[in-house]
Amino acid sequence: MQLKSFFSIALAVGMLSTTASATANADDGTVPQQSEGVARSSAAVDNGALLAFERFYNADGTPGGSIVPGSVFYFQFSATNTSNRPVVLEDIVSKVWTATNPNHAAGLPSDYCDQWIERKDSGAQRQKFPVEVAPGQTITGILDNATYTFQAQAPNECRGMQLYFNAGVKMKQTDPQWKRLGGQDRFETAVRVSQEHFPGGAKSVVLARYDVAADALSAAPLAVQKSAPVLLTQTARLSPVTKAEIKRLKPERVYIAGGAGAVSNGVANEIRDLGYRVTRLGGQDRYETSIRIAEHGWGQSGSDSVFIATGRDFPDALSASAAAGANNAPVLLVDGLARSIRADVRGQLLELDPKNINIAGGTGVVTAQVANGLSSYGTVKRYAGATRYETSAAIGKQWHTANGTVYLATGANFADALAGAAVAGSKKAPVLLSQQNCIPDAVHSLITGTIKPQMGYVLGGTGVLTDRVLNQRPSCY
């Protein structure tokens with residue numbers, strides 16, 4: 001979009017380009033006519049933060065531009081390569097000078113008065129900006145190749161003379177916000193995740209057994225599809241904190257992931273007694289449960305992609321389930337060390353008819369024989385690393401939202417990441433695995449060098465991921 005009457009700042013670390021103009025025009029929301037003026041600018045990078053200060057000059061090189069008192073002038077940020085990080089406008093006010101003679105020679109004002117230009121939001125492209133932005137206020141959501149327009153109102157003072165101004169805007173990118181979602185146990189952690197992402201309730205809830213990862217990991221993409229949180233339960237007893245959260249959410253339906261051996265009929269009946277409908281998606285084992293979940297969510301439509309993870313261990317499936325949710329794709333579990341794919345999994349693949357089959361993990365968790373068998377049902381690609389941390393980084397590198405959100409979970413156990421995988425998928429955000437007191441190199445590089453998130457969540461309490469990881473996010477090397 002061309003807005004010739006505006007000046008623009010290209011927000012790129014280490015690079016700044018501008019054009020500038022000032023205008024006298026009524027505040028009617030229209031684009032004012034361009035007046036003469038050029039801008040000179042300076043930019044510096046301080047510890048990776050963009051610092052920019054714009055000064056205006058007249059066409060003849062003298063400082064300032066001119067506006068009539070009471071009129072409006074506009075300025076515009078045109079963002080490129082901003083990393084979508086929050087920006088703090090540190091200085092958005094401008095001193096204004098006036099002369100007794102509007103036609104005075106530059107640099108020879110015989111009289112002046114100091115005024116502050118009030119900056120107010122304006123224009124059609126003000127997305128995510130408040131109506132008025134005060135100095136020092138943080139604004140978020142500045143997207144690459146997007147335009148943000150503001151206007152400034154000149155004061156109706158200084159004896160009605162023409163005003164000459166030197167307009168300044170100073171900004172810098174801020175560090176992303178990080179927040180811990182953790183409780184006293186895995187039940188509370190799941191509830192904290194639910195409360196953070198579903199403050200107004202949810203039409204559906206997915207309930208999974210707290211001490212077996214497989215069912216919940218298969219259910220995470222379904223939770224994304226249903227816009228539902230994943231909550232945890234014991235096999236024979238509904239945790240009080242989980243029960244209270246279900247009542248707060250007021251769902252129309254609760255989906256139970258797993259058969260009666262995973263979540264008992266007694267728990268299902270207790271939920272029904274609360275007034276909620278219950279749908280059980282379960283089989284004789286974790287592999288059949290993943291099939292039942294895929295049938296329910298994608299049986300009618302099929303799926304362009306399917307994610308494959310081993311049912312023998314949890315780490316690779318943690319990251320895969322979030323990626324699957326982001327792609328509206330199911331996770332099917334296989335016996336990764338088997339020589340062939342069991343018949344019911346093959347049947348489900350035929351029904352889903354995927355174009356792409358994504359394997360989470362190396363040949364040590366999903367063998368080459370299994371991968372060869374999968375190639376009969378779609379194009380197979382493996383995402384793997386030498387460790388569970390590198391595998392999570394490989395998956396996250398392929399499926400993430402640049403400048404979006406990141407979830408960090410411990411690689412030592414699965415519980416705290418269970419609920420996080422579902423909400424991560426809904427945000428097209430990766431679940432990345434971390435050590436307790438530092439972030440593995442591959443994961444750290446992905447976060448800081450590729451994703452550059454606006455928001456990050458640490459899943460679980462300080463016993464699984466320390467405050468050092470939350471606040472400093474150091475690399476393990």
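Taking every pair of alpha-carbon atoms in the stretch 177-471, give the share separated by more than 28 Å as a whole percent.
That tail contains 31 percent of the Cα-Cα pairs.
Among Ser194, Ser392, Ser227, which comes first, second and so on when ranked by fewest other beta-carbon atoms within 10 Å?
Ascending number of Cβ neighbours within 10 Å: Ser227, Ser194, Ser392.
Could you give me the ³J(HN,Hα) list for the stretch 260-270, computed from phi with Karplus coefficients 6.51, -1.76, 1.60 and θ = phi - 60°, whole Hz, x at Gly and Pro?
So the J values, rounded to whole Hz, are 5, x, 8, 10, 5, 5, x, 5, 4, 5, 4.
We did not get these values from a lab; they are worked out from the coordinates using the rules stated. Quick caveat, the model's predicted, so the values are computed rather than measured. Backbone-built Cβ (ideal geometry, glycine too); neighbour counts: all protein chains shown.
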